[in-house]
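The next block holds one structure in the form of structure tokens; read it before the comments.
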Amino acid sequence: MNFKEITDGIYYVGVNDRTTALFESLWPLPTGVTYNSYLVKGSEKLALIDGVAIAECEKLRENIASQIGAKAPDYLIINHMEPDHSGALNVIRSFFPDITIVGNAKTLEMVRGFYGITENVMKVADGDSLELGGMTLTFRLTPMVHWPETMMTYVSERNTLFSGDAFGCFGALTGGIVDSETDIEPFIPEIYRYYSNIVGKYGVFVQKALSKLSTLKLEYICSTHGPVWHEQIPMVSGLYDRMSRYEAEDGVVIVYGSMYGNTEAMAEVIASRLAENGVKKIRMHDASRSHLSYILADIFRFRGLVIGAPTYSNTLYPPVEALVQAIKTREVKNRIISTFGSYTWAPQAVKRINTLLEEGKNVSADITSVEARQAPDASVMEGCKTLADEMARRLADK
Ligand SMILES: Cc1cc2nc3c(=O)[nH]c(=O)nc-3n(C[C@H](O)[C@H](O)[C@H](O)COP(=O)(O)O)c2cc1C
């Protein structure tokens, strides 16, 4: 048995990266990441689907050789141009000088712009097919999931979809490649974190792509990051569907910044009162300590959101400003939101949070807020309790 043969004639040749600390120089990778690449072997031709980051190209070459020896792939299909998949394009061409690069019009424009490549390229359009001999690649354009050129490649003979970044997650593989061969539990939170941080802004386009794919029979989804989905296709596609509709489960994220503990004390009262109201799923983040990517993942998961901050230099405390801007950028919708904070002489923090969120049309205008002048006194803490009661009531009130 060839463990890397996902299904008859389709091979995994991707790599684990456990060295890069920050994906896109932004998002922590405590358990690494994969750059998934695949070979599709027809009776006539061989196609390599998606590449790897430039630092990993030698491992890619070894993996390809381990599957097909001295042969060279005839085609390189580019589903997505982000450099974690296309960065090694020129090196791959030096490994396999006759390889033809296959992409749509937007892809080929980027191939020229990033890598200066104009020769030996093949342009494909939505619905076009490429015959490999008993294996037919059909290209489905899925723009803005999450770049304009993104497309997916489907092999009808194997009911296999090469989905690009869609359905991907952070986390290097731990031996198993297909979900049925590995414990997928550690990957689930990383699906949320990957989606919310990388793809999150483009929910409308993810919905369009999902409806375009809905008629395909799917046995394997081979994304560019994380395990190959097989048994878990209903789970992962359901999750993508819900996240892209900004649908969330019951629970509350409390995120706050605090220098000297006043705002934090309010957060504790809110959390405790929510729990008294029977809310069990509460996630608390100090915005100065939790990395933004984990906070956003929780915000995409839960329906209640409570944000607190002190006023700082007549505006919002910087880590919370960054968070609220990130929420606005991702056009997060359908959340029940409350805000709170503390100031000493001129209240600005809560006003700023509310303004940013309302500008982003994230929620209806009914954000409940509480703000303390200096230390929160008994009446402010009563206000925090009322805020929590209201949040719990609205959560229960579907
Ligand atoms: C560097 C700095 C800048 C501040 N700027 C303002 C301000 O512009 N307006 C204001 O009312 N309070 C300002 N404050 C006071 C804090 O907002 C206030 O002490 C608040 O209670 C701090 O909340 P915390 O205990 O949760 O950190 C500032 C405090 C610091 C340390």
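Odds and ends about this structure:
- Straight-distance crosslink candidates among aspartates and glutamates, where the alpha carbon sits under 18 Å from LYS328 and sequence neighbours closer than 8 are dropped: GLU247, ASP298, GLU358, GLU359, ASP366
- Placing dummy labels 7 Å off each Cα toward the beta-carbon, the span from ASN334 to LYS280 is 2.3 nm.
- Cα-based values for the chain, radius of gyration first and Dmax second, are 23.8, 78 Å.
- Fraction of accessible area attributable to carbon and sulfur, region 173-212 (%, probe 1.4 Å): 59
- Sites matching trypsin sites (Lys or Arg not before Pro) across region 333-384 that sit in DSSP coil, with at most 16 neighbouring C-beta atoms within 10 Å: LYS333, LYS361
- Degrees between helix 318-329 axis and first principal axis of the chain (Cα, 0 to 90, nearest 10): 60
- Extension gain for the segment GLU390 to SER288, taken as residue separation times 0.36 nm less the Cα-Cα distance, is 34.0 nm to one decimal.
- Over 32 Å between alpha carbons, listed pairs LYS59/LYS106; LYS106/LYS281; LYS71/LYS106; LYS123/LYS208; LYS201/LYS351: LYS106/LYS281
- Chymotrypsin sites (Phe, Trp or Tyr not before Pro) restricted to region 203-295 and DSSP loop, no more than 15 other C-beta within 10 Å: TYR260
- Dividing the alpha-carbon radius of gyration of region 133-197 by the rule-of-thumb value 2.2 N^0.38 Å gives 1.30.
- All-pairs Cα distance distribution in region 165-253, expressed in whole percent, bin size 5 Å: 3, 14, 25, 26, 18, 11, 3, 0
- Across ILE117, ILE327, ILE336, mean-square fluctuation computed from a Gaussian network of the chain (C-alpha pairs under 10 Å connected) peaks at ILE117.
- GLU82 accessible area, 1.4 Å probe, all protein chains in place, Å² to nearest 10: 20
- Angle of helix 378-396 to the longest C-alpha principal axis of the chain, folded into 0 to 90 degrees and rounded to 10: 40°.
- Using a Förster distance of 35 Å, the FRET efficiency for ARG373-ASP250 (Cβ separation, nearest 0.05): 0.55
- Across the alpha-carbon atoms of region 220-297, the computed radius of gyration and Dmax are 17.2, 52 angstrom.
- Helix-only [θ]222 nm of the chain, DSSP H runs n ≥ 4, -39500 (n - 2.57) each, per residue, nearest 500: -10000 deg cm²/dmol
- Karplus-derived 3J(HN,Hα), 6.51/-1.76/1.60, for each residue of region 254-270, Hz, glycine and proline x: 10, 10, 8, x, 7, 8, 10, x, 5, 5, 4, 4, 5, 4, 5, 5, 4
- Where the alpha-carbon atoms of region 250-389 are placed on the principal axes, they occupy 35, 33, 29 Å, in descending order.
- Cα gyration tensor, region 252-291 - rounded (a/c under 1.5), prolate or oblate: oblate
- Estimated inter-spin distance, GLN325 and LYS123, nm [label 7 Å along Cα→Cβ]: 3.8
- Estimated inter-spin distance, GLU58 and MET144, nm [label 7 Å along Cα→Cβ]: 4.2
- At R0 = 25 Å, FRET efficiency that the Cβ-Cβ distance of ARG242 and SER156 yields, to 0.05: 0.35
- The chain: relative contact order as a whole-number percent, Cα under 8 Å and 6+ apart: 12
- Computed magnitude of the charge dipole of the chain (debye, nearest 20; Cβ of K, R +1, Cβ of D, E -1): 720
- Counting Lys and Arg as +1 and Asp and Glu as -1 over every other residue whose Cβ lies under 12 Å from the Cβ of GLY164, the net charge comes to -4.
The values are calculated or read from the model by the stated rules, or taken from the named source; none is laboratory data. Bear in mind that the values here come from a model prediction, so they are computed numbers and not experimental data. Note that we place each Cβ from the backbone using ideal geometry, even for glycine, and neighbour counts take in every protein chain shown. Areas reflect the complete protein model, heavy atoms only, side chains present, ligands, DNA and RNA absent. Shrake-Rupley method; radii C 1.70, N 1.55, O 1.52, S 1.80 Å.
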